[in-house]
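The values are calculated or read from the model by the stated rules, or taken from the named source; none is laboratory data. This one's a predicted model, so the numbers in the text were calculated from it and none came from an experiment. Here the Cβ positions follow ideal geometry from the backbone for every residue, glycine too, while neighbour counts run over all protein chains shown. Ligands, DNA and RNA are excluded from the accessible area calculation, which covers all protein heavy atoms including side chains. Shrake-Rupley method; radii C 1.70, N 1.55, O 1.52, S 1.80 Å.
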There are 2 protein chains.
Amino acid sequence: MNDLRIVNHQVTLVDQVEDRLLGYFKDNNLGPGDPIPKELELAEALGVGRSVLREALSRLRMLGLIETRTRRGMLLAEPSLLRGMKRIVEPNMLSDKTLFNILGFRVALEIGMSEMIFQNLNKKHIEDLEDIVKRGVVKKFSEYTPVTEYEFHTKLYEVTGNSTIMEFQAIIRPVSVFLKERFQDYFLPINKELSKAGKLVSHKDLLDFLKKGDKEGFRRGMIDHFGPYYSFLKRENPFEKKN
Amino acid sequence: MNDLRIVNHQVTLVDQVEDRLLGYFKDNNLGPGDPIPKELELAEALGVGRSVLREALSRLRMLGLIETRTRRGMLLAEPSLLRGMKRIVEPNMLSDKTLFNILGFRVALEIGMSEMIFQNLNKKHIEDLEDIVKRGVVKKFSEYTPVTEYEFHTKLYEVTGNSTIMEFQAIIRPVSVFLKERFQDYFLPINKELSKAGKLVSHKDLLDFLKKGDKEGFRRGMIDHFGPYYSFLKRENPFEKKN
DNA sequence: AAATCATTATATGTCCGACAAATAACACAT
DNA sequence: ATGTGTTATTTGTCGGACATATAATGATTT
């Protein structure tokens, strides 16, 4: 705890202290459950005022990395992977590019889950999905209501049994909804056309693939289901000429 | 029944202020570039001391949501989606379950990217990948060195043109490395066996699929390439009996 | 002696006032 | 009009004070 002292005053002290603390935890192999020195001692060791230290601690507390109890001191805890992200996924705050990236992220993730879905799928899941499909509300041109979309896809995520993936999708879902709404001039005609041509992959189609155990069919179905998103992203990002 | 006890009797003021600020930004449709009131005004309006307000602001500053310049006041800025996550992805800090979830997340994402990869792939990408494969260092039993693994897969991510996905993979990569190392007793024999049986999908194999434009082959190849991870995760998570 | 209750000491939560540092805005000189 | 210096304002940092909760200790009761 002696080699923590701050010298450089370029970046704000709080930023540096935050860094130092993380480094301190790492270097000392501290993990969830381990106690850390009290505020006054840390401030002293870092050579900063208590307010600066507290701002840094506050940041780490937000991420769930630190838990504090009055009089009992501070403990490290397992941080929440996505708590930071959760606060800022807000269409108003993010650039179009980021929103498109998030949409692409979601599509890739959901398609990539197929393998896991087939690995974990059981009867209960099928029943639940059947129920969702049965209750599902369809607007014109085979378009689902947001709630129906939400239920079906959330269930698919659930089948993976991966709570991190589930948490992630719950956080970024508003982005898909937002984009679909904002660019409905693009999506509606496409859906209309696909629907007329009978090429639209419905939730029921996907469920049938699952029931038959048709992995490849399911994956192709998912890709088609997301087809409008793919073409949308391609259109919005026409010149990907990095490097 | 002892750990039901409520310890944190009150949500701290800082937590509440953080929430209020986010709500304020949202309700007023504020976005990147918009100025926000100065500290003293905010503290006054919120009815809290400046230090409490500053702790909350510090959290948002960490996420990149707020930029401040002395005397010029504070501006909203586009936050970084993953900056919060970046700080806490540290194997020592995360439970095994979370680490496994992250690995599964990565595998799903990387497989799901296939479609995007084929959409964006150009000659330059192929050349780069060929170069990486050519220079690649292989240890015994066809196992790649971490650097080679890193270069190849990073390049694949790059082809997607999705900077959010790229940033994400860069952050969580240490987890794969860590798990592979920690559970080498599991992975090494499997790789050895696959290698002997000639069933191991190499980077070169994957590249060949890309060159031939064989989308399905590439996807199957990726799944096989990640086969050991799949079986590992299945073993580590044998009873997924939620709901 | 064991259990219960009251007191004390201590760590975090919050407030406040002060000053430093940076710089936008203004005033002034050429 | 341009350049220069001064002033005012805003964030960054410090330190002290008190509130609150509670672990530790000691006192009281049975």
(message) I want to confirm something. Restricting to region B:31-56 and keeping residues that are over 26 Å from A:ARG72 (Cα atoms) and buried (at least 16 other Cβ atoms within 10 Å of the Cβ), which single residue is farthest from DNA strand C (Cβ to nearest atom)?
(response) B:GLY31
(message) Quick test of your reading of the structure: A:PHE100 fulfils all but one of (1) farther than 21 Å from B:ARG59 by Cα; (2) of a type outside the set (D, E, K, R); (3) more than 15 Å from the chain's Cα centre (by Cα). Name the failing condition by number.
(response) (3)
(request) Report, by residue number, each residue of region B:92-107 that is crowded, with 19+ Cβ neighbours inside 10 Å and either more than 7 Å from every other protein chain (Cβ to nearest Cβ) or under 17 Å from B:LYS180 (Cβ atoms) (or both). (result) B:LEU94, B:THR98, B:LEU99, B:PHE100, B:ASN101, B:ILE102, B:LEU103, B:GLY104, B:PHE105, B:ARG106, B:VAL107
(request) Any residue in region B:153-167 that's buried (at least 20 other Cβ atoms within 10 Å of the Cβ): show its pairings with residues that are of a type in the set (Gly, Ala, Ser) at Cβ separation under 6 Å, as long as the two are six or more apart or on different chains. (result) B:ASN162/A:GLY104
(message) Please go through region B:41-55 and give me each residue that is within 8 Å of chain A (Cβ to nearest Cβ) and touching a residue at least 24 places away in the same chain (Cβ under 8 Å), ordered by number.
(response) B:GLU55
(request) All but one of (1) open to solvent by 30 Å² or more (accessible area, probe 1.4 Å); (2) more than 8 Å from chain B (Cβ to nearest Cβ); (3) under 20 Å from A:PRO174 (Cα atoms) hold for A:ARG87, so report the exception by its number. (result) (2)
(message) Go through (1) surrounded by fewer than 17 Cβ atoms within 10 Å (Cβ to Cβ); (2) under 16 Å from B:ARG61 (Cα atoms) for A:ARG61 and report which single condition fails.
(response) (1)
(message) Quick check on region A:188-207. Is at least one of its residues in contact (Cβ under 8 Å) with a residue 24 or more places away in the chain, open to solvent by less than 10 Å² (accessible area, probe 1.4 Å), within 14 Å of chain B (Cβ to nearest Cβ) and assigned to a helix (DSSP H, G or I)?
(response) no
(request) Could you grab me the full set of residues in region A:67-86 that are more than 22 Å from the chain's Cα centre (by Cα) and within 19 Å of A:LEU21 (Cα to Cα)? (result) A:GLU67, A:THR68, A:ARG69, A:GLY73, A:MET74, A:LEU75, A:LEU76
(request) Within region B:6-26, track down each residue that is exposed (fewer than 12 other Cβ atoms within 10 Å of the Cβ) and either modelled with pLDDT of 95 or more or within 12 Å of DNA strand C (Cβ to nearest atom) (or both). (result) B:VAL7, B:ASN8, B:HIS9, B:GLN10, B:VAL11, B:GLY23
(message) Can you pull out every residue in region B:57-84 that is without any contact (Cβ under 8 Å) to a residue 12 or more places away in the chain and either in the same structural domain as B:ILE165 (by TED's automatic domain parsing) or more than 12 Å from DNA strand C (Cβ to nearest atom) (or both)?
(response) B:SER58, B:ARG61, B:GLU67
(request) Go through the residues of region A:108-124 one by one and say whether even a single one is part of a helix (DSSP H, G or I), under 22 Å from B:LEU21 (Cβ atoms) and more than 8 Å from chain B (Cβ to nearest Cβ). (result) no
